[in-house]
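To keep things clear, I will list the structure first and then write my remarks on it.
The values are calculated or read from the model by the stated rules, or taken from the named source; none is laboratory data. Keep in mind that what you see is a predicted model, and the values were worked out from it rather than measured. Using ideal geometry, Cβ is built from the backbone for each residue, glycine included, and neighbour counts are taken over all protein chains shown. These accessible areas exclude ligands, DNA and RNA; they are computed on the full protein's heavy atoms, side chains included. Shrake-Rupley method; radii C 1.70, N 1.55, O 1.52, S 1.80 Å.
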Amino acid sequence: MSPQAPPDTQKGTETFRKANQGEPGYFKAQFDRVTHAQRTLQQLRSQAAPLDKYVFLSGLKARDPKLFYHLLSQNLAEFTPLVYTPTIGSACQNYSKIYQRPEGLVISYNDKGRIEDVLQSWPNKGRARIAVVTDGSRILGLGDLGVNGLPISLGKLDLYIAGAGIQPLTTLPICLDVGTNTERYLNDPLYLGLRQPRISPTEMKEFMQEFMQAMKEVFPKLLVQFEDFSTDNAFYFLDLFKDQYLCFNDDIQGTGSVILAGFHNAAHIASSAPQGPDPLDHKVLFYGAGSAGIGVAKQVMSYFTNLGMSEEEAKARIWTVDSRGLIYQGRPKGLQKHKEYFARKDYSGPPIRSLLDIIDHVKPTALLGLSTQKNAFTEDIVKRMTELNPRPIIFPLSNPSSLCELEFADAVKWSNGKVLYASGSPYGPVEFEGRSYEPGQGNNMYVFPGIGLGTILSGATRVTSKMIERAATSLAGSLSDDERQAGLIYPRLERIREVSAEIAVGVIRQAQEDGVDGAKRLRDLDDVALQTYVRDRMWTAPRPLAHGVSSKL
């Protein structure tokens, strides 16, 4: 697939340009940008299916990027489920069918040995500051989608732009095409990628090493976000590259950060309830032990260590469950390497497979789902959690919503309104016994835009674990008085840019404390001045007002 700059560099068709500028013969008398924005919203809302809306927005971004980003930023709650989860899952599954034009950079295994040359062909390479890179091997909970995974990179970067004011021309969406093991794509005549099985682990390591070195050579100031790699590769390549290159893995670190923030606020509410547990006595049960599950568990440990616990004491407050049940040392058939860290040392009985039995064994205060098992948290499970806890913490975090472990309405009903709930995908408020309940959304978009913005502005040479943890602390403390009074555990989505600025400030300060900041001049700014500095550098799409409005894309 030929490389193509972000749509922001595209001027659209000549006809569109003439109409936009009101030249004779192109609706000069009746065409204005404000009305056209309203017209575009009506056209979007007339589309029946979410995937049709995604295709419409993709076309809008290509032909009129300024309007696309303006509408996205002004209608974030409506647009986010379309450009990201849950609709992005369907867009990825069907990408080879809905494909219309090049959108980003696809680097094939056939490019091995000349990856740097391919990267050099990217327009605006001197301005690139952030890339989202996937190999399509584990898109959301949908499995190996191969090169069809490219929309996940596109969607993530749209949220960097809308949520943190990253300039569109500085973004670089990349999909690494190293084959697919999904037979239906290999047999699909429309499939856009290599028609071969995935390369071997040894070949993948060599390919990734060349890729990352080439990225550093061509884009020396670029932050790389890894996205939706298979579980083993996600951990492996993060460990391999985190100290060599400016990179982080959103599935492991971003998810962990956002859930740590939500858990911090939920735990505070639960512990403040009558007969609630002491903050040190929380027990957290993770249902799902892939890259996201283990990554979140490691971040949640920070809640306990920040209360004064040792690493071992904090680890003892966490239990993990996979498809074979409770994870413990000595379990028959062994464990994958990434699961060994949280394997229980205090259990030596027969395997416990039933989640309800595991809950009875552990008696957790919090149940977090990252299993991609739809409706895994049944009525019996929710009611048992409510019997054990005056305010049970239940976070069904699997994306998209078709794989969510528990619907919000069911959680409220089965817990009699006592649940402290956050999901990975969005849900609307529900009414129960005369009261309105507002769900939390533990979506990574609360943290990764701010992490990216803070890392870029600080001139960081690498992303440290403390920078990720600082992002969580900043998010947890970003609730407004109104949101706290409403019992929310995450800020409302319409405040995402304000929240991202707060997170960016925290990330910059932590980079300074860790000694990895390159922009040393920012050390001389106090917190108020640094907040102003960050906000002033957040790009905003121009409003569709008078003709001739200029902006830097």
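Within the stretch 473-553, which helices (runs of 4 or more DSSP H) (wholly inside it) include 2 or more residues that are modelled with pLDDT under 95 and open to solvent by 70 Å² or more (accessible area, probe 1.4 Å)?
It comes to 481-485.
Do we have any residue at all in the stretch 216-234 that's open to solvent by less than 10 Å² (accessible area, probe 1.4 Å) and over 20 Å from the mean Cα position of the chain (by Cα)?
Checking the stretch 216-234: at least one residue is open to solvent by less than 10 Å² (accessible area, probe 1.4 Å) and over 20 Å from the mean Cα position of the chain (by Cα).
What is the number of the single condition among (1) at pLDDT 95 or above; (2) over 16 Å from T171 (Cα atoms); (3) exposed (fewer than 15 other Cβ atoms within 10 Å of the Cβ) that F56 does not meet?
Here F56 clears every test but (3).
For the stretch 282-331, which positions are open to solvent by 20 Å² or more (accessible area, probe 1.4 Å), over 24 Å from G477 (Cα atoms), of a type in the set (S, T, Y) and over 22 Å from the mean Cα position of the chain (by Cα)?
S323
Which of the residues that make up the stretch 183-200 are in contact (Cβ under 8 Å) with a residue 12 or more places away in the chain and farther than 21 Å from G104 by Cα?
Within the stretch 183-200, D188, Q196, P197, R198, I199 qualify.
From the list S423, S371, pick out the single residue that is small (G, A, S) and either touching a residue at least 40 places away in the same chain (Cβ under 8 Å) or farther than 19 Å from G89 by Cβ (or both).
On the way: S423 fails: either touching a residue at least 40 places away in the same chain (Cβ under 8 Å) or farther than 19 Å from G89 by Cβ (or both).
Sole residue among the options that is small (G, A, S) and either touching a residue at least 40 places away in the same chain (Cβ under 8 Å) or farther than 19 Å from G89 by Cβ (or both): S371.
Which ones in the stretch 356-387 are within 19 Å of F304 (Cβ to Cβ) and more than 21 Å from the chain's Cα centre (by Cα)?
Scanning the stretch 356-387 gives V362, K363, P364, T365, A366.
Just give me the residues in the stretch 237-257 being at pLDDT below 95 and either open to solvent by 20 Å² or more (accessible area, probe 1.4 Å) or out of contact with any Asp or Glu (no Cβ under 8 Å at 6 or more places or on another chain) (or both), in sequence order.
Of everything in the stretch 237-257, those that are at pLDDT below 95 and either open to solvent by 20 Å² or more (accessible area, probe 1.4 Å) or out of contact with any Asp or Glu (no Cβ under 8 Å at 6 or more places or on another chain) (or both) turn out to be I252, Q253, G254, T255, G256.
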